[in-house]
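A.B. asks: Dropping the structure in here first, questions after.
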Amino acid sequence: MTQKRISLTRYLVEQQRTNGLIPANLRLLLEVVARACKRISIAVNHGALGEVLGSAESENVQGEVQKKLDIIANEVLIEANEWGGHLAAMASEEMDNIYAVPNRYPQGEYLLLFDPLDGSSNIDVNVSIGTIFSVLKKPEGGADVSVQDFLQTGSRQVAAGYCIYGPQTTLVLTVGNGVAMFTLDREQGSWVLTSENVQIPVDTKEFAVNMSNMRHWAPPVKRYVDECLQGTEGPRGKDFNMRWIASMVADVHRILTRGGIFMYPWDKREPDKPGKLRLMYEANPMGWIVEQAGGAATNGHQRILDIAPEKLHQRVSVILGSKNEVERVTSYHQA
Ligand code: AHG
Ligand code: MN
Ligand code: MN
(Lines give C-alpha, C1' and ligand atoms only; values in the text may rest on other atoms or scores of the structure.)
(Ligands and ions follow the chains in the order given, each with its own letter.)
Protein backbone atom coordinates (compact mmCIF):
# COMPACT_ATOMS: atom_id res chain seq x y z
CA MET A 1 0.00 0.00 0.00
CA THR A 2 1.37 3.45 -0.80
CA GLN A 3 1.72 5.69 2.18
CA LYS A 4 -0.49 8.77 2.18
CA ARG A 5 1.71 11.83 1.62
CA ILE A 6 0.68 15.12 3.17
CA SER A 7 1.94 18.18 1.30
CA LEU A 8 2.68 21.55 2.87
CA THR A 9 -0.37 22.93 1.04
CA ARG A 10 -2.62 20.31 2.56
CA TYR A 11 -1.15 20.81 6.04
CA LEU A 12 -1.76 24.55 5.80
CA VAL A 13 -5.30 24.11 4.44
CA GLU A 14 -6.03 21.85 7.40
CA GLN A 15 -4.63 24.39 9.85
CA GLN A 16 -6.89 26.96 8.21
CA ARG A 17 -10.01 24.79 7.98
CA THR A 18 -9.96 22.46 10.96
CA ASN A 19 -8.02 24.38 13.51
CA GLY A 20 -9.02 27.87 12.38
CA LEU A 21 -5.47 28.92 13.12
CA ILE A 22 -4.47 30.68 9.96
CA PRO A 23 -6.38 32.98 7.63
CA ALA A 24 -6.07 32.42 3.87
CA ASN A 25 -3.61 35.30 3.45
CA LEU A 26 -1.21 33.86 6.00
CA ARG A 27 -1.43 30.51 4.27
CA LEU A 28 -0.49 32.20 0.99
CA LEU A 29 2.39 33.98 2.68
CA LEU A 30 3.80 30.73 4.07
CA GLU A 31 3.48 28.98 0.72
CA VAL A 32 5.36 31.83 -0.94
CA VAL A 33 8.14 31.75 1.65
CA ALA A 34 8.41 27.98 1.20
CA ARG A 35 8.63 28.43 -2.57
CA ALA A 36 11.38 31.02 -2.14
CA CYS A 37 13.28 28.56 0.07
CA LYS A 38 13.11 26.03 -2.76
CA ARG A 39 14.81 28.54 -5.04
CA ILE A 40 17.45 29.32 -2.43
CA SER A 41 18.03 25.60 -1.98
CA ILE A 42 18.69 25.25 -5.74
CA ALA A 43 21.16 28.16 -5.67
CA VAL A 44 22.92 26.66 -2.62
CA ASN A 45 23.15 23.27 -4.35
CA HIS A 46 24.76 24.76 -7.47
CA GLY A 47 27.71 25.91 -5.35
CA ALA A 48 30.86 26.38 -7.38
CA LEU A 49 28.95 25.49 -10.59
CA GLY A 50 26.62 28.46 -10.19
CA GLU A 51 29.13 31.18 -9.29
CA VAL A 52 27.34 31.70 -6.00
CA LEU A 53 30.25 31.11 -3.64
CA GLY A 54 32.53 33.70 -2.10
CA SER A 55 32.19 37.21 -0.83
CA ALA A 56 30.15 39.98 -2.45
CA GLU A 57 32.63 42.65 -1.37
CA SER A 58 29.97 44.59 0.54
CA GLU A 59 28.99 44.93 4.18
CA ASN A 60 25.59 44.78 5.87
CA VAL A 61 24.32 47.20 8.52
CA GLN A 62 26.05 45.13 11.19
CA GLY A 63 29.44 45.57 9.54
CA GLU A 64 29.62 41.93 8.45
CA VAL A 65 31.02 41.09 5.01
CA GLN A 66 28.18 39.84 2.83
CA LYS A 67 28.53 36.61 0.89
CA LYS A 68 27.11 36.36 -2.62
CA LEU A 69 24.52 33.89 -1.35
CA ASP A 70 23.42 36.26 1.45
CA ILE A 71 22.46 38.76 -1.23
CA ILE A 72 20.96 36.21 -3.63
CA ALA A 73 18.79 34.70 -0.87
CA ASN A 74 17.66 38.17 0.21
CA GLU A 75 16.63 39.06 -3.36
CA VAL A 76 14.81 35.76 -3.86
CA LEU A 77 12.74 36.33 -0.71
CA ILE A 78 11.86 39.90 -1.67
CA GLU A 79 10.96 39.11 -5.27
CA ALA A 80 8.81 36.16 -4.24
CA ASN A 81 6.93 38.07 -1.55
CA GLU A 82 6.46 41.63 -2.75
CA TRP A 83 3.68 41.22 -5.31
CA GLY A 84 1.24 38.77 -3.66
CA GLY A 85 -0.79 41.34 -1.70
CA HIS A 86 -0.28 39.56 1.62
CA LEU A 87 2.49 41.78 3.00
CA ALA A 88 2.85 45.39 4.09
CA ALA A 89 6.65 45.25 4.49
CA MET A 90 9.70 43.08 5.00
CA ALA A 91 12.85 43.37 7.09
CA SER A 92 16.06 41.44 6.72
CA GLU A 93 19.47 40.96 8.28
CA GLU A 94 20.89 42.09 4.95
CA MET A 95 18.96 45.38 4.66
CA ASP A 96 19.58 48.45 6.82
CA ASN A 97 15.96 49.61 6.65
CA ILE A 98 12.59 47.98 6.24
CA TYR A 99 11.38 47.25 2.71
CA ALA A 100 7.82 48.50 2.23
CA VAL A 101 5.83 46.75 -0.49
CA PRO A 102 6.04 49.04 -3.56
CA ASN A 103 2.95 51.13 -4.38
CA ARG A 104 2.28 49.22 -7.60
CA TYR A 105 1.24 46.19 -5.54
CA PRO A 106 -1.61 45.88 -3.04
CA GLN A 107 -0.63 46.20 0.62
CA GLY A 108 -1.41 43.32 2.94
CA GLU A 109 -1.66 43.06 6.71
CA TYR A 110 1.48 41.04 7.50
CA LEU A 111 5.11 41.85 8.19
CA LEU A 112 7.82 39.37 7.25
CA LEU A 113 11.29 39.33 8.84
CA PHE A 114 14.12 37.08 7.77
CA ASP A 115 17.72 36.03 8.04
CA PRO A 116 18.00 35.05 4.37
CA LEU A 117 21.09 32.91 4.84
CA ASP A 118 22.06 31.83 8.33
CA GLY A 119 25.51 30.37 8.91
CA SER A 120 27.18 32.37 6.14
CA SER A 121 30.66 31.25 7.23
CA ASN A 122 29.65 27.69 6.29
CA ILE A 123 28.56 28.41 2.70
CA ASP A 124 31.95 28.02 1.04
CA VAL A 125 32.90 24.95 3.09
CA ASN A 126 29.75 23.00 2.15
CA VAL A 127 28.30 22.72 5.66
CA SER A 128 24.57 23.10 6.45
CA ILE A 129 23.12 26.60 6.30
CA GLY A 130 19.55 27.91 6.39
CA THR A 131 16.91 30.61 6.12
CA ILE A 132 15.05 31.83 9.23
CA PHE A 133 11.77 33.77 9.12
CA SER A 134 9.23 35.35 11.44
CA VAL A 135 5.76 36.71 10.65
CA LEU A 136 3.98 39.50 12.56
CA LYS A 137 0.73 41.32 11.95
CA LYS A 138 0.95 45.00 11.12
CA PRO A 139 -0.68 46.92 13.98
CA GLU A 140 -4.03 48.50 13.08
CA GLY A 141 -4.18 52.15 12.07
CA GLY A 142 -1.63 54.27 10.27
CA ALA A 143 -1.60 54.03 6.50
CA ASP A 144 2.16 53.91 6.05
CA VAL A 145 4.22 51.12 7.44
CA SER A 146 7.15 52.07 9.70
CA VAL A 147 9.97 50.41 11.64
CA GLN A 148 7.87 50.97 14.74
CA ASP A 149 5.28 48.49 13.40
CA PHE A 150 7.94 45.76 13.51
CA LEU A 151 9.00 46.38 17.11
CA GLN A 152 6.68 43.82 18.69
CA THR A 153 7.60 41.13 21.18
CA GLY A 154 8.22 37.62 19.86
CA SER A 155 5.08 36.45 21.65
CA ARG A 156 3.08 38.28 18.97
CA GLN A 157 4.47 36.21 16.10
CA VAL A 158 1.75 34.51 14.05
CA ALA A 159 4.12 32.14 12.25
CA ALA A 160 7.81 31.29 12.40
CA GLY A 161 10.06 28.85 10.67
CA TYR A 162 13.34 27.98 9.10
CA CYS A 163 14.60 26.00 6.18
CA ILE A 164 17.80 24.00 6.50
CA TYR A 165 19.90 23.33 3.41
CA GLY A 166 21.80 20.21 4.46
CA PRO A 167 22.00 16.60 3.31
CA GLN A 168 18.23 17.02 3.10
CA THR A 169 16.37 20.29 2.63
CA THR A 170 13.85 20.57 5.45
CA LEU A 171 11.30 23.26 6.26
CA VAL A 172 10.35 23.58 9.92
CA LEU A 173 7.26 25.57 10.76
CA THR A 174 5.01 26.68 13.58
CA VAL A 175 1.76 28.62 13.47
CA GLY A 176 1.25 28.15 17.20
CA ASN A 177 -0.02 24.59 17.00
CA GLY A 178 3.19 22.63 17.58
CA VAL A 179 6.09 22.18 15.21
CA ALA A 180 5.92 20.38 11.87
CA MET A 181 8.75 19.41 9.51
CA PHE A 182 8.53 19.07 5.75
CA THR A 183 11.20 17.45 3.60
CA LEU A 184 11.75 18.71 0.06
CA ASP A 185 11.03 16.02 -2.52
CA ARG A 186 13.35 17.24 -5.27
CA GLU A 187 11.87 15.04 -8.01
CA GLN A 188 8.35 16.31 -7.37
CA GLY A 189 9.42 19.78 -6.27
CA SER A 190 7.08 19.56 -3.27
CA TRP A 191 7.30 19.79 0.50
CA VAL A 192 6.17 16.58 2.22
CA LEU A 193 5.20 16.43 5.90
CA THR A 194 7.75 14.17 7.58
CA SER A 195 7.29 14.94 11.33
CA GLU A 196 4.52 16.48 13.36
CA ASN A 197 4.28 17.50 17.01
CA VAL A 198 8.04 17.59 17.33
CA GLN A 199 9.10 17.37 21.00
CA ILE A 200 12.49 18.29 22.45
CA PRO A 201 13.50 15.96 25.30
CA VAL A 202 13.49 17.97 28.56
CA ASP A 203 16.88 16.61 29.62
CA THR A 204 20.05 16.34 27.60
CA LYS A 205 23.74 15.47 27.75
CA GLU A 206 24.73 17.65 24.80
CA PHE A 207 25.60 21.34 24.70
CA ALA A 208 26.38 23.70 21.82
CA VAL A 209 28.46 26.81 22.40
CA ASN A 210 31.53 28.38 20.80
CA MET A 211 34.06 27.27 23.43
CA SER A 212 36.78 29.55 22.06
CA ASN A 213 34.95 32.43 23.76
CA MET A 214 34.93 30.78 27.19
CA ARG A 215 37.34 33.20 28.84
CA HIS A 216 35.10 36.12 27.87
CA TRP A 217 31.82 34.75 29.27
CA ALA A 218 29.95 35.90 32.36
CA PRO A 219 30.27 33.68 35.49
CA PRO A 220 26.85 31.93 35.18
CA VAL A 221 27.58 30.60 31.68
CA LYS A 222 31.13 29.66 32.65
CA ARG A 223 29.81 27.80 35.67
CA TYR A 224 27.29 25.82 33.61
CA VAL A 225 29.84 24.74 30.99
CA ASP A 226 32.48 24.02 33.67
CA GLU A 227 30.06 21.67 35.39
CA CYS A 228 29.28 19.91 32.09
CA LEU A 229 32.98 19.47 31.40
CA GLN A 230 33.55 17.84 34.81
CA GLY A 231 31.34 14.99 33.64
CA THR A 232 30.76 12.02 35.92
CA GLU A 233 33.23 13.46 38.45
CA GLY A 234 31.42 16.79 38.76
CA PRO A 235 28.13 18.00 40.26
CA ARG A 236 26.14 16.86 37.23
CA GLY A 237 27.26 13.25 37.65
CA LYS A 238 27.19 12.53 33.93
CA ASP A 239 29.38 13.05 30.88
CA PHE A 240 28.35 15.65 28.32
CA ASN A 241 28.98 15.77 24.60
CA MET A 242 29.61 18.98 22.65
CA ARG A 243 28.60 20.11 19.14
CA TRP A 244 29.07 23.49 17.44
CA ILE A 245 28.17 23.83 13.77
CA ALA A 246 28.31 27.66 13.62
CA SER A 247 24.97 27.72 11.80
CA MET A 248 22.22 28.43 14.32
CA VAL A 249 19.77 26.72 11.99
CA ALA A 250 21.77 23.49 12.03
CA ASP A 251 22.37 23.55 15.79
CA VAL A 252 18.68 24.21 16.49
CA HIS A 253 17.66 21.50 14.03
CA ARG A 254 19.79 18.95 15.89
CA ILE A 255 18.23 20.07 19.18
CA LEU A 256 14.70 19.65 17.77
CA THR A 257 15.67 16.20 16.58
CA ARG A 258 17.47 14.78 19.62
CA GLY A 259 17.59 17.46 22.34
CA GLY A 260 20.40 19.64 23.61
CA ILE A 261 21.12 23.18 24.68
CA PHE A 262 22.38 26.01 22.47
CA MET A 263 24.01 29.16 23.84
CA TYR A 264 25.34 32.28 22.25
CA PRO A 265 25.80 34.34 25.41
CA TRP A 266 26.90 37.91 26.06
CA ASP A 267 30.65 38.18 26.37
CA LYS A 268 32.95 40.87 27.63
CA ARG A 269 34.81 41.58 24.39
CA GLU A 270 32.07 44.03 23.42
CA PRO A 271 30.27 44.59 26.73
CA ASP A 272 27.71 47.00 25.28
CA LYS A 273 26.43 44.39 22.83
CA PRO A 274 23.90 42.05 24.46
CA GLY A 275 25.10 39.17 22.26
CA LYS A 276 25.89 38.23 18.68
CA LEU A 277 22.55 36.93 17.45
CA ARG A 278 19.68 39.15 16.39
CA LEU A 279 16.42 39.22 18.31
CA MET A 280 13.87 39.88 15.57
CA TYR A 281 14.85 37.38 12.88
CA GLU A 282 17.01 34.81 14.70
CA ALA A 283 16.17 34.52 18.41
CA ASN A 284 12.42 35.22 18.24
CA PRO A 285 11.50 32.72 15.51
CA MET A 286 13.85 30.06 16.90
CA GLY A 287 12.68 30.77 20.46
CA TRP A 288 9.05 30.26 19.51
CA ILE A 289 9.77 27.08 17.54
CA VAL A 290 11.70 25.67 20.50
CA GLU A 291 8.91 26.59 22.95
CA GLN A 292 6.32 25.05 20.64
CA ALA A 293 8.36 21.83 20.79
CA GLY A 294 8.33 21.83 24.60
CA GLY A 295 11.71 23.53 25.06
CA ALA A 296 12.62 26.92 26.52
CA ALA A 297 14.42 30.05 25.32
CA THR A 298 15.80 32.86 27.50
CA ASN A 299 18.53 35.50 27.52
CA GLY A 300 19.55 34.32 31.01
CA HIS A 301 17.18 36.72 32.72
CA GLN A 302 13.97 36.72 30.74
CA ARG A 303 12.02 34.70 28.20
CA ILE A 304 13.23 35.70 24.71
CA LEU A 305 9.64 36.09 23.50
CA ASP A 306 8.90 38.70 26.21
CA ILE A 307 11.76 41.05 25.29
CA ALA A 308 10.41 44.38 24.03
CA PRO A 309 12.50 45.28 20.97
CA GLU A 310 13.88 48.79 20.63
CA LYS A 311 15.69 48.37 17.33
CA LEU A 312 15.17 46.29 14.21
CA HIS A 313 18.67 44.82 14.27
CA GLN A 314 18.82 44.48 18.06
CA ARG A 315 21.13 41.78 19.39
CA VAL A 316 20.40 39.43 22.23
CA SER A 317 22.03 36.76 24.35
CA VAL A 318 20.49 33.36 23.55
CA ILE A 319 20.07 30.20 25.64
CA LEU A 320 17.63 27.70 24.16
CA GLY A 321 16.76 24.03 23.93
CA SER A 322 15.97 21.26 26.41
CA LYS A 323 13.81 22.80 29.11
CA ASN A 324 15.53 21.60 32.27
CA GLU A 325 18.96 22.68 31.07
CA VAL A 326 17.77 26.12 29.93
CA GLU A 327 16.10 26.59 33.31
CA ARG A 328 19.32 25.58 35.05
CA VAL A 329 21.48 28.12 33.17
CA THR A 330 18.84 30.79 33.70
CA SER A 331 18.75 30.04 37.45
CA TYR A 332 22.56 30.43 37.60
CA HIS A 333 22.02 34.02 36.39
CA GLN A 334 19.72 34.65 39.36
CA ALA A 335 22.12 33.17 41.93
P1 AHG B 1 24.71 34.76 10.07
O2 AHG B 1 25.49 33.87 9.14
O3 AHG B 1 23.28 34.90 9.66
O4 AHG B 1 25.39 36.08 10.33
O5 AHG B 1 24.58 34.01 11.49
C6 AHG B 1 25.69 33.33 12.02
C7 AHG B 1 25.44 33.09 13.47
C8 AHG B 1 24.75 31.79 13.82
O9 AHG B 1 24.19 31.11 12.75
C10 AHG B 1 25.81 30.95 14.48
O11 AHG B 1 25.29 30.25 15.55
C12 AHG B 1 26.84 31.94 14.92
O13 AHG B 1 26.71 33.05 14.09
C14 AHG B 1 28.24 31.41 14.82
O15 AHG B 1 29.11 32.33 15.37
P16 AHG B 1 30.67 32.02 15.63
O17 AHG B 1 31.32 32.06 14.27
O18 AHG B 1 31.09 33.16 16.50
O19 AHG B 1 30.80 30.69 16.28
MN1 MN C 1 22.06 34.17 11.20
MN1 MN D 1 22.48 35.65 7.76
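A.B. asks: Considering the zone a paramagnetic label at MET242 would reach in this model (a point 7 Å from Cα along the Cα-to-Cβ line), which residues of region 184-221 have amide N under 11 Å from it?
C.D. replies: Backbone N within reach: 207-215.
A.B. asks: Can you list the residues, at least 5 places off or on another chain, whose amide H is less than 5 Å from the amide H of ARG315, using H built in the peptide plane?
C.D. replies: So ARG315 has HN proximity to LEU279.
A.B. asks: Length gain on complete extension for the stretch ALA218 to SER195, per 0.36 nm per residue less the alpha carbon to alpha carbon distance?
C.D. replies: Numbers: separation 23, 0.36 × 23 = 8.28 nm, distance 3.74 nm.
Taking ALA218 through SER195 to full extension adds about 4.5 nm, to one decimal.
A.B. asks: Roll a 1.4 Å probe over the protein heavy atoms and report the accessible area of LEU229 in Å², nearest 10.
C.D. replies: 100
A.B. asks: Once the other residues with Cβ under 13 Å from the Cβ of TRP288 are scored (Lys, Arg +1; Asp, Glu -1), what is the net sum?
C.D. replies: Its environment carries a net charge of -1.
A.B. asks: Next up: Rounded, prolate or oblate: pick one for region 276-335, where a ≥ b ≥ c are the square roots of the eigenvalues of its C-alpha gyration tensor, a/c under 1.5 means rounded, and failing that, prolate if a/b is larger than b/c, else oblate.
C.D. replies: Verdict is oblate for region 276-335.
A.B. asks: Summing +1 for each Lys or Arg and -1 for each Asp or Glu, what net charge is found among the other residues whose Cβ lies under 15 Å from the Cβ of GLU270?
C.D. replies: On the way: positive: ARG215, LYS268, ARG269, LYS273, LYS276, ARG278, ARG315; negative: GLU64, ASP267, ASP272.
Around GLU270, the surrounding residues sum to +4.
A.B. asks: In Å², and per residue, what accessible area does the chain have when probed at 1.4 Å with the other protein chains present?
C.D. replies: Counting only protein heavy atoms, the per-residue value for the chain is 44 Å².
A.B. asks: Then there's this: Using only Cα atoms and rounding to the nearest 10 degrees, what angle (0 to 90) does helix 8-17 make with the longest principal axis of the chain?
C.D. replies: With rounding to tens, the tilt is 80 degrees.
A.B. asks: Something else now. Within the accessible area of region 8-195, what % is carbon and sulfur when the probe is 1.4 Å and the other protein chains stay in place?
C.D. replies: On region 8-195, the fraction of accessible area on carbon and sulfur atoms equals 47 percent.
A.B. asks: I'd like the Karplus ³J(HN,Hα) series for region 282-294: coefficients 6.51, -1.76, 1.60, θ = phi - 60°, whole numbers in Hz, and an x wherever there's a Gly or Pro.
C.D. replies: Couplings: 10, 5, 4, x, 5, x, 5, 4, 4, 4, 5, 9, x Hz.
A.B. asks: Further question on the same structure: All other residues with a Cβ under 15 Å from the Cβ of LEU151 taken together, and with Lys, Arg as +1 and Asp, Glu as -1, what is their net charge? Walk me through the numbers on the way to the answer.
C.D. replies: Details: positive: LYS137, LYS138, ARG156, ARG278, LYS311, ARG315; negative: ASP149, ASP306, GLU310.
Residues close to LEU151 contribute a combined charge of +3.
A.B. asks: Another one. In the structure shown, do any of LYS276/LYS311; LYS67/LYS138; LYS222/LYS276; LYS67/LYS276; LYS138/LYS276; LYS138/LYS311 have a Cα-Cα gap over 20 Å, and if so which?
C.D. replies: LYS67/LYS138; LYS138/LYS276
A.B. asks: Continuing with the same structure: At a 1.4 Å probe radius, which order do ASP251, ASP203 fall into by accessible area, largest first? List each step's numbers first, then the result.
C.D. replies: Working: ASP251 0, ASP203 85 Å².
If we order ASP251, ASP203 from most to least accessible, we get ASP203, ASP251.
A.B. asks: What do you get for trypsin sites (Lys or Arg not before Pro) in region 212-252 restricted to DSSP loop and a cutoff of at most 11 other Cβ within 10 Å of the site's Cβ?
C.D. replies: Values: sites: ARG215, LYS222, ARG223, ARG236, LYS238, ARG243; in loops: ARG236, LYS238, ARG243.
Taking region 212-252 and a limit of 11 other Cβ atoms within 10 Å, the loop trypsin sites (Lys or Arg not before Pro) found are LYS238.
A.B. asks: Can you give me the long-range amide H partners of ILE307? Hydrogens built in the peptide plane at 1.01 Å from N, cutoff under 5 Å, separation of 5 or more residues or another chain.
C.D. replies: Under 5 Å from the amide H of ILE307: GLY154.
A.B. asks: Over what distance in Å are the Cα centres of region 98-137 and region 1-75 separated?
C.D. replies: Cα centroid of region 98-137 versus Cα centroid of region 1-75: 8 Å apart.
A.B. asks: Taking H as built 1.01 Å from N, whose amide H comes closer than 5 Å to the amide H of ALA159, not counting residues under 5 places away?
C.D. replies: Amide H neighbours of ALA159: VAL135.
A.B. asks: Report for the chain the percent antiparallel among DSSP-assigned beta bridges with both residues inside it, nearest 5.
C.D. replies: Roughly 85 percent of the DSSP beta bridges within the chain come out antiparallel.
The values are calculated or read from the model by the stated rules, or taken from the named source; none is laboratory data. Quick caveat: nothing in here was measured; it's all calculated off a predicted structure. With ideal geometry, Cβ positions are generated from the backbone for all residues, glycine too; neighbour counts draw on all protein chains shown. Side chains included, ligands, DNA and RNA excluded: accessible areas come from the protein's heavy atoms. Shrake-Rupley method; radii C 1.70, N 1.55, O 1.52, S 1.80 Å.
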